[in-house]
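For reference, the structure is listed below as structure tokens.
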Amino acid sequence: MADTSSSSSVNVVFCLDSTGSMEWLMDSMKLGISKVAEIYLASRFEVRIGLIQFRDRVWARTSGDAN
């Protein structure tokens, strides 16, 4: 168990496969990530949480970009 008596920082990054083949698991993954994030946020740690999505779609930022 981690010692939370001193000031500590934690970086947590979730890497999520959100391609079409994983669509059937999306609700379970969202729930799991939410629960883990709640545990970290309720701790005495200074927490930074990030999310990386692996996708099979490309979103255009400006006109002319690939879509």
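Accessible surface comparison of Asp17, Asp27, Asp56, probe 1.4 Å, protein chains only, largest first: the order is Asp27, Asp56, Asp17.
Close amide H contacts of Ser8 (hydrogens built in the peptide plane, cut-off under 5 Å, sequence separation of 5 or more or a different chain): Glu46.
The values are calculated or read from the model by the stated rules, or taken from the named source; none is laboratory data. Note that this is a predicted model, so its numbers are computed, not measured. Keep in mind that these areas ignore ligands, DNA and RNA; they rest on the heavy atoms of the full protein, side chains included. Shrake-Rupley method; radii C 1.70, N 1.55, O 1.52, S 1.80 Å.
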